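What follows is a single structure, written as structure tokens, with notes after it.
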Amino acid sequence: MSLPREYSNLGFDPDALREKYQIERDKRLRDDANEQYVEVSGDFAHYVDDPYVEREERDPIDDEMNVVIIGGGFGGLMTGARFREAGIEDIHVIEAGGDFGGTWYWNRYPGAQCDIESYCYLPLLEELNYMPKEKYSYAPEIYEHSQRIAKEYDLYDGAIFQTKVTELHWLEDEARWLVKTDRDDTLRARFVVMSTGPLNRPKLPSIPGIDEFEGHTFHTSRWDYEYTDGDHSGGLTNLADKRVAVIGTGATTIQAVPFVGEHAKELFVFQRTPSSVDVRGNAPTDPKWAASLEPGWQRARRENFNDMVIGRPVAEDLVNDGWTEIFRTLASLIPRDADKAVSPEEAAALAEIADFKKMNGIRDRVDSLVTDSDTAEALKPWYRQFCKRPTFNDEYLPTFDRRNVTLVDTSETKGVERITKTGIETGGQHYDVDCIIFATGFEVGTSYTRRSGFEIHGQDGQTLSDYWADGLRTLHGFSSRGFPNCFQVGFSQNGFSVNLTSVLDDQAQHVAYLINEINARGAKYAQPTEEGEADWVSTIRQLAVANTAFFEACTPGYYNNEGDVSARRGLGAEAYAPGANAFNRLLKEWREEGSLDGLELT
Ligand code: NDP
């Protein structure tokens, strides 16, 4: 097949767009990459205090248990639920928050909503006979669903809330993990599951003067309703006499800013890189459609979505939204009468065209919703759609037509230049504000132990930080040599999907299988063999080449480790490139083969 004729008749110039993308990317690259952020500890530790519950005092627990799961978000919930189904007993979830929910426990900012279709995102819908109210669920419904899972699978029994793990030590003689916490607990567990989440630790930009500001500040993941008044649905009436700054324009800001703009006396949004903001397209769930679904529909839908978002052909795009549109366009670009299969180079060229088309639409949308042409120009994203997290919202862009709202473009200075006692100084101007809201996201590319907040000491005192100092080393993403019976769930060297909960569900089922096999085969513990781990790492890296090249050309952000792809620390940088469905097939074959190839049982 040769490239389609439309290539020369596109109505836009691909070379010019490519060049523009590169200029915009280069403008934002910073030498300090991930180091531009300051850890939320020490003087900044109050940014992660829990504003939702009072601390309850309790005595330390000194106990022996079968399974400790660290983290009560969807990773911990899915693991707990699938373990229960698999007959694994004596499960204890340790969670820093006051309840289950993870990201949906912490992120309660106004307008919070999940951009992934609810029928794919909310897990265990068939098992729990629950149907989401809308195509895209709002945060309270998702938070409630996490509690539904915990109740149905009896996970409150044994849950240890408001508790942070401080260290893990492997005790070889006992073949147990010693789990210590900030409540002075000493727990001995046979199995440990780490599900501390990919975006768990809020980060702050190390802008000079950040500690000098004398007004009010908070991070979006700990929304201060005491200061703003109102709740998730709005009503931020205390802001009526306040000048507010929001720093950052990622997915959180896109949802929260319409509410702040509606209520604040004045709002300044400090942007470095604009998000792509697509149509929301929400709708109530059609009861007739819901009643027509056949058993197994949720898995089929999730797999269909997983395939769509990595460009694998499917018979029908079931989700049919802004995430999948680019791949529908891609399919339409391939001529039906193609006389031979599309080569990888041709496919890549067509994918780029589909991307240009998509992003041209996103940029046109800005013009149609924002009146002031300079503001509209600054709000246009110049990069490929999946270089950054795409967003979907109908109120964000029109907010910039409000007279009380100002967009401050900080791209030329690679971000906000300075924070003063009274506000923000950047681009030669000073903005007096009463409050700064940091919508600056979460740590992704820092070390695993820094993000989880504790160190893991494995066999012979080896720490996981040291073991992973030069990059992840795992078998299938779940476990590492020297750290027996310790399993990670989440994004690691495994199948990636933007629908994280489906990935977590599949991982939970695999770990349940592993634990039952370790027991059934009479072993005390399991860990990867040296060879098994090395083979898997090399498989991951060989397959990652195309993805790495894609992200290298992207504007900086947490997807590409702030532009430094060589460190392989961006979200999904070490993923199994053929995708989540292919990864699941590989694991299924591995289980069916039955020898636990690459694992060593003791
Ligand atoms: P992000 O990491 O996406 O955004 C952080 C923002 O802060 C970026 O716009 C970044 O700019 C900006 N920033 C950082 N430092 C500076 C600086 N010095 N000066 C100016 N701006 C700065 O965080 P979010 O909380 O928005 O989102 C995190 C993730 O959480 C999302 O990507 C998504 O995966 C998930 N999420 C999902 C939602 C959903 O499903 N709807 C909703 C909310 C979050 P730059 O881009 O230039 O680095």
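Some notes on this structure:
- Shown is the FRET efficiency for Lys27 and Val279, computed with R0 = 35 Å from the Cβ-Cβ distance and rounded to the nearest 0.05: 0.80.
- Restraint check, Lys164/Lys203; Lys135/Lys388; Lys20/Lys265; Lys27/Lys380; Lys164/Lys414; Lys135/Lys242, Cα-Cα greater than 26 Å: Lys20/Lys265; Lys164/Lys414; Lys135/Lys242
- Computed magnitude of the charge dipole of the range 269-313 (debye, nearest 20; Cβ of K, R +1, Cβ of D, E -1): 140
- Helices in the chain that qualify as membrane-span-like (whole DSSP H runs, Cα extent of at least 27 Å along the helix axis, mean Kyte-Doolittle hydropathy of 1.0 or higher) do not occur.
- Dipole magnitude of the chain, debye to nearest 20 (Cβ charges: Lys/Arg +1, Asp/Glu -1, about Cα centre): 1180
- The mean sequence separation of alpha-carbon pairs under 8 Å and at least six residues apart, normalised by the residue count of the range 13-121, gives a relative contact order of 21 percent.
- Placing unit charges on the Cβ atoms of the charged side chains and taking the dipole of the range 500-602 about its Cα centre, the candidate lying farthest along the positive direction among Ala512, Thr529, Pro578 is Ala512.
- Global form of the range 435-530, assessed from the alpha-carbon gyration tensor, a/c cut-off 1.5: oblate
- Restricting the range 270-355 to GluC sites (Glu not before Pro) that sit in a DSSP loop and have at most 14 other Cβ atoms within 10 Å of their own Cβ leaves Glu316.
- Global form of the chain, assessed from the alpha-carbon gyration tensor, a/c cut-off 1.5: oblate
- By DSSP, the beta bridges lying fully in the chain are antiparallel in about 40 percent of cases.
- Estimated distance in nm for a label pair at Glu593 and Asn320, the labels positioned 7 Å out from Cα along Cα-to-Cβ: 4.0
- Three-way shape call for the range 98-174 based on the alpha-carbon gyration tensor, with the a/c threshold at 1.5: prolate
- Simple rule: put +1 on each Lys or Arg Cβ and -1 on each Asp or Glu Cβ in the chain, find the dipole, and look at Ser480, Ala351, Pro381; the Cα lying farthest toward the positive end is Ala351.
- Taking a sphere under 14 Å around the Cβ of Glu533 and counting the other residues whose Cβ falls inside, with K and R at +1 and D and E at -1, yields a net charge of -4.
- Farthest toward positive dipole pole in the chain [+1 Lys/Arg, -1 Asp/Glu at C-beta], among Val68, Phe12, Thr426: Phe12
- Residues of the chain: accessible area per residue with a 1.4 Å probe, Å²: 42
- Charge sum, other residues only, whose C-beta stays under 12 Å from His46's C-beta, Lys/Arg counted +1 and Asp/Glu -1: -4
- Distant-in-sequence amide H partners of Thr186 (H built 1.01 Å from N, under 5 Å): Ile61, Asp62, Asp63
- Local electrostatic count, Arg473, Cβ distance below 9 Å [Lys/Arg +1, Asp/Glu -1]: -1
- Lone cysteines, the chain (no partner Cβ under 4.7 Å): Cys114, Cys120, Cys435, Cys486
- Percent accessible area from carbon and sulfur atoms, the range 352-475, protein chains only, probe 1.4 Å: 42
The values are calculated or read from the model by the stated rules, or taken from the named source; none is laboratory data. Source: prediction; values computed, not measured. Quick reminder, even Gly has a Cβ in these numbers, built from the backbone with ideal geometry, and neighbours come from all protein chains shown. Heavy atoms of the whole protein, side chains included, go into the accessibility calculation; ligands, DNA and RNA do not. Shrake-Rupley method; radii C 1.70, N 1.55, O 1.52, S 1.80 Å.
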